[in-house]
Each structure stands twice: as structure tokens, then as C-alpha cells.
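Scroll down for the structure; my scribbles are underneath it.
The values are calculated or read from the model by the stated rules, or taken from the named source; none is laboratory data. Values in this document were obtained by computation on a predicted structure and should not be read as measured data. Here the Cβ is made from the backbone with ideal geometry for all residues, glycine too, and neighbour counts use every protein chain on show. Side chains are part of the model used for accessible areas, which takes the heavy atoms of the whole protein and leaves out ligands, DNA and RNA. Shrake-Rupley method; radii C 1.70, N 1.55, O 1.52, S 1.80 Å.
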Amino acid sequence: MENLKLFLLALSAAGAVGFVAIIFVLRWVLHFKEGLAWDGGAAEFNWHPVLVVTGFVFLQGIAITVYRLPWTWQCSKLMMKFIHASLHLIAFTFAVISLMAVFDFHYYSSIPDMYSLHSWLGLTVVIMYALQIVLGVGLYLIPVTPLSWRAACMPIHVYSGLFLFTSVIAVALMGITEKLIFGLSNPKYKDSPPEAIFVNVLGLLLVVFGALVLWIATRESWKRPSDQIMHSLHTNSGGEDSARDGPALSELSGGAEAETDDVRRRNKPDNQNY
Ligand code: HEM
Ligand code: HEM
């Protein structure tokens with residue numbers, strides 16, 4: 001892998017920042033707020049941010065980077081697809097439970113549903129995420145889907161995946177801001193009490209985590225070798241683009257970091273590469 005050290009640095013930074021964000025959201029609800037419970041009250045609402053940050057942001061980020069981990073390149077593409085899809089499914093489950101918590105809380109507290117921009121965008125991203133999973137499974141896990149469909153839809157899958165991930169972080173930031181404005185009364189948010197500063201930092205951590213994951217997922221040279229080959233084959237006529245795609249086929253099969261015969265056999269550009 002080109003620039004392995006930089007990759008490891010970005011990956012560990014993403015992991016550390018994501019982990020600290022989870023600690024922050026837990027400390028927010030356990031120390032500053034009412035704790036966690038499933039009783040229709042404020043403590044039930046608190047599951048909403050906790051599950052969103054842990055599942056919808058952190059696990060989704062991990063799911064997106066999973067193909068890029070060099071130590072998984074000797075595993076079959078099919079196995080990596082199962083891991084990618086399962087992590088997304090777990091992230092989706094967390095998001096759904098987090099919505100149940102907030103709808104339940106609103107029901108018991110007689111608060112209207114779906115009035116804010118946060119809630120409109122939030123529900124939209126959850127629905128779009130479900131659609132992305134269904135299409136992802138249909139296109140890339142069901143063996144009969146033609147290779148031409150898989151190849152044609154891959155750029156859309158990657159674009160919509162990254163767009164959804166970014167939107168989830170944006171929606172989370174809106175939710176955090178709303179909660180601080182609603183929740184802080186004496187002193188108010190504008191007076192910068194410790195809770196406000198603490199939770200603002202949580203927002204910053206989510207932005208940094210998102211930026212690192214997007215960086216990792218958009219470097220062509222950090223792709224799985226077999227995927228670089230497929231990408232090069234598809235863009236060979238594209239001149240400049242193909243020159244930027246990372247190592248050429250011949251470079252990949254030689255040198256110290258070359259794939260072994262076994263890896264090459266498992267990653268050969270067949271139907272499983274998409
Ligand atoms: C409400 C989605 C993250 C705070 C809602 C509602 C949805 C939603 C659909 C409407 C519930 C109803 O009308 O009964 C999401 C999604 C998130 C997310 C998809 C993740 C990306 C967060 C975070 C917070 C938060 C991190 C921080 C505490 C709130 C608050 C409400 C709410 C205060 C009630 C007020 C309102 O309806 O806007 N959320 N949320 N949300 N959410 Fe989130
Ligand atoms: C690649 C997002 C669900 C199969 C990707 C990438 C993203 C992404 C951002 C690019 C990763 C990279 O370039 O390293 C998502 C999201 C999903 C989802 C947000 C759920 C909401 C699925 C499912 C499958 C799937 C259910 C079924 C197996 C793939 C495949 C790739 C891919 C085969 C190609 C990896 C590569 O060759 O570079 N996905 N995905 N995805 N995804 Fe998904």
C-alpha cells in the first residue's frame with residue numbers, strides 16, 4: 001500500500017476520535033442529563049443521541065472504511081462484503097431504536113412529532129439508508145445480479161453512501177444544537193455553561209471523525225488492489241483519470257508489497273469484485 005504510515009495514522013486518528021465521541025455522549029447523558037432508562041421520560045430520550053453517535057455515526061464510519069484495511073486484503077471480497085453489509089445493518093438497527101426512543105418520549109410527554117427540520121432530515125436519512133442497504137444487498141450480495149449492473153451502479157453506491165454518511169453527521173449536529181438550546185435554561189446556552197462547552201466539543205469530534213473517514217474512503221491509492229485494477233480497467237480510456245488511479249497492474253504484481261498468488265486468485269476481477 002502506498003503511504004501505509006499515513007493510512008495507519010488517519011485510521012488510528014479516526015478510531016480514537018470516534019471512541020472519544022462515544023465517551024463524550026455517554027458522559028453527557030449520564031453526568032449532565034438524566035441518565036438512561038426506557039420509561040417514556042427524559043432518560044428514554046437520552047438513548048437517541050447515544051445510539052445515533054455509537055451506531056449511526058461510529059459504526060457506519062467503520063463499515064465504510066472496512067474495504068481499505070490492508071490486513072483484510074487476503075480475505076475474499078465476498079467475506080468483506082458480508083462484513084460491510086452487516087456493520088451497516090447494525091448501524092441501521094441502532095438508528096431505528098434511537099428513533100423509537102424519541103418518538104416514545106414525545107408520545108408520553110405530549111410533544112408533537114416531526115415539526116423540526118432536524119426531524120425531517122433525520123427521518124429522510126434513515127429511510128434513504130434503508131434503501132441503500134436493500135439496493136446494496138440486491139446488487140452486490142445476490143449472486144445472479146449481472147456484473148454490468150454491479151459495475152454501472154458502483155459509482156452511485158459510493159456517492160450515495162458518502163453523501164448519506166455526511167448527512168447523518170450534519171443531522172446529528174442539528175440535533176445536538178437543538179437539544180442544547182431547549183435543555184439549557186439557567187444558565188442559558190448563550191452563557192456558555194460547562195455542559196454547552198462540553199457538548200460543543202462533542203460536535204467538533206463528530207466533524208473531525210467524518211472528515212477522517214471521508215479522507216480514507218476517497219484515496220484511490222488506498223483501495224484494495226483488486227479494486228484498483230478494476231477501476232483502472234474501467235478508466236483506461238480516461239487518460240488522466242487512469243493515471244491518478246494508483247499503481248498500474250504490472251506494479252501491483254511486482255515488488256515487496258505485491259499480492260501473493262493466493263491473494264491474486266481470490267481477488268481476480270470476476271463477478272465478486274463488485
Ligand atoms: C427528534 C432523527 C441525532 C436531538 C428527532 C426526530 C427524528 C430524529 C426523526 C423526530 C422525532 C419525533 O418527531 O417524535 C435523528 C437522526 C439523527 C439524530 C436520524 C442522527 C443523525 C440527534 C442527536 C441529538 C438529537 C445527536 C442530540 C441530542 C433531537 C431532539 C429531538 C429530536 C432534541 C426533539 C425535537 C425535534 O423533533 O427536533 N430526531 N436525530 N438528534 N432529535 Fe434527533
Ligand atoms: C463500497 C457505503 C451498503 C457493497 C462502499 C463505499 C461506500 C459504501 C462509501 C466506498 C468504500 C470504499 O471505496 O472503500 C455504503 C452504505 C451502505 C452500504 C452507506 C448502507 C447504507 C452496502 C451493502 C452492500 C454493499 C448492503 C452489499 C454487499 C459494497 C461494495 C462496495 C461498497 C461491493 C465496493 C467496495 C470497493 O470495491 O471499493 N459502500 N454501503 N454496500 N459497498 Fe457499500
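Please name all residue pairs, on different chains or six or more residues apart, with Cβ atoms under 7 Å, provided the first residue is in region 53-78 and is aromatic (Phe, Trp, Tyr) and the second residue is near ligand 2 (Cβ under 7 Å from one of its atoms) and open to solvent by 20 Å² or more (accessible area, probe 1.4 Å).
67/84
Identify the residue in region 170-214 that is polar (S, T, N, Q) and assigned to a helix (DSSP H, G or I) and, among all such residues, is nearest to residue 65 (Cα to Cα).
Let us first name the residues in region 170-214 that are polar (S, T, N, Q), namely 177, 185-186, 192, 200.
Right, trim to assigned to a helix (DSSP H, G or I) and you get 177, 200.
Values: 177: 28, 200: 26 Å.
Filtering first and then ranking leaves 200.
Can you tell me which residue in region 114-131 is nearest to ligand 2 (Cβ to nearest atom), limited to those that are open to solvent by 90 Å² or more (accessible area, probe 1.4 Å) and of a type in the set (Phe, Trp, Tyr)?
Selected residue: 120.
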